[in-house]
1. I'd like to compare 118-127, 93-102, 241-250, 186-195: which one has the highest average count of other Cβ atoms within 10 Å, and what's the full order after that?
2. Based on Cβ point charges of +1 for Lys and Arg and -1 for Asp and Glu, what charge dipole magnitude is obtained for the stretch 155-333 about its Cα centre, in debye rounded to the nearest 20?
3. Of K163/K313; K230/K290; K31/K183, which pairs sit farther than 21 Å apart, going by alpha carbon to alpha carbon?
4. What are the residues whose amide H is under 5 Å from the amide H of L317, where those residues sit 5 or more places off or on another chain and H is modelled from the backbone?
5. Given K225/K267; K39/K146; K144/K306, which pairs have Cα atoms separated by over 32 Å?
6. Given A185, Y165, L154, which one lies farthest toward the positive end of the charge dipole of the stretch 153-194, if we put +1 on the Cβ of every Lys and Arg and -1 on the Cβ of every Asp and Glu?
7. Using the beta-carbon distance between M95 and K176 and R0 = 25 Å, what value does 1/(1 + (r/R0)^6) give for FRET efficiency, to the nearest 0.05?
8. Can you tell me how much longer the chain between K265 and R280 gets when fully stretched, taken as 0.36 nm per residue apart minus their C-alpha distance, in nm with one decimal?
Amino acid sequence: MKKSTGFEKFANKKKAGTIKEAYRKERREIKNERAEAIKEKIDEKRKSRYAKPEAPATRPSHSKAITKSAVKIADKTPPAGVANAGQHEHGASLMPLNKFIAHCGVCARRDAAALVKEGIVTVNGANVTEPGFKVTEKDIITVKGKRVTITKNLVYILLNKPKDYITTTEDPQGRKTVLDLIKTATSERVYPVGRLDRNTSGVLLFTNDGDLAQTLSHPKNQVKKIYEVKLDKPLTKNDFDTIRNGITLEDGFVAPDALGYADPKDKSVIGIEIHSGRNRIVRRIFEHMKYDVRGLDRVMYAGLTKKNVLRGKWRLLTEKEVRLLKHFNKSTKKEKSDQ
């Protein structure tokens, strides 16, 4: 019995029409599951919206009438010199400082936490170095001396990144950045979700939606990516099996979710599906096995592909794609539980 590689869509030798039809069927099933998940969420919101609040059995005593927001404020002692910080009006929406910065479209939440710790963020005129410090939209927040405000117009952009562009918002050395390619896409301040090496091409997502960026970037959500790898020589069967079963790198064990030969006639072109977000992980896997990666292209990220987007070009995500993207993690967890 032939051993399965787990990546038959790369290695299958059936006719192209049969393969495409099977792939379309798989995609339809996934979309149906996501649609059901969206419908369930909408129904839950409707139920909670029209549900009648229960009347309290007894009137709480004065000592127990402290609201949750008041408790949160009391738990966070404002740094010296912060005028009115933490002393917000009743009903004001509180959020951590790093989350506020992410919602302003400055960067992802994890990067925002680093900015706060660097001491370049102020709240109402005073420096704050605690990423979890609670703020509201009424507070005056500055990053590097510039005031930032929460973005209301959320934008989602897919770029087919070419080589020789670095994934950063600015570069002191004056090199070309991915933001140079989407200058005309929006007037909003967006940032890339995740990173691609300078010499890696393919799907790259930009947004000013801090919550979505946090969800897609967090390791626990295991967002999958598919890469096409061009090696300097054919990948041997022994090395193929070794990588498929997992290898130990300097920063720990790693195993691809799926692996296959993208072209049955050219064993130097490999398809690999992986969810690890470690730095340069795909290149390091093959370099560990003594192969030189001549080309690396990300063909899929979180269900998004670069279909009909030329290299170096971009497009806005559709409303349907945004909905699916926001429910992507929920549907993938459901798939795992059903297996």
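1. On the way: 118-127: 16.3, 93-102: 21.4, 241-250: 13.1, 186-195: 17.8.
The packing order, highest mean first, is 93-102, 186-195, 118-127, 241-250.
2. Numbers: 34 positive and 23 negative charges, 68 e Å.
It works out to roughly 320 debye.
3. Values: K163/K313 13 Å; K230/K290 14 Å; K31/K183 32 Å.
Result: K31/K183 exceed 21 Å.
4. Those lying under 5 Å, H to H, from L317 are Y156, I157, L158.
5. On the way: K225/K267 21 Å; K39/K146 41 Å; K144/K306 35 Å.
In this structure, K39/K146; K144/K306 exceed 32 Å between Cα atoms.
6. Checking the options against the dipole of the stretch 153-194, the answer is Y165.
7. Numbers: r = 35 Å, r/R0 = 1.39.
Using R0 = 25 Å, I get an efficiency of 0.10.
8. Result: 2.7 nm gained on full extension.
A short reminder: the numbers here are calculations on the coordinates, not readings from a lab. Given the structure is predicted, the values throughout are model-derived calculations rather than measurements. Cβ atoms come from the backbone with ideal geometry, glycine included; neighbour counts cover every protein chain shown.
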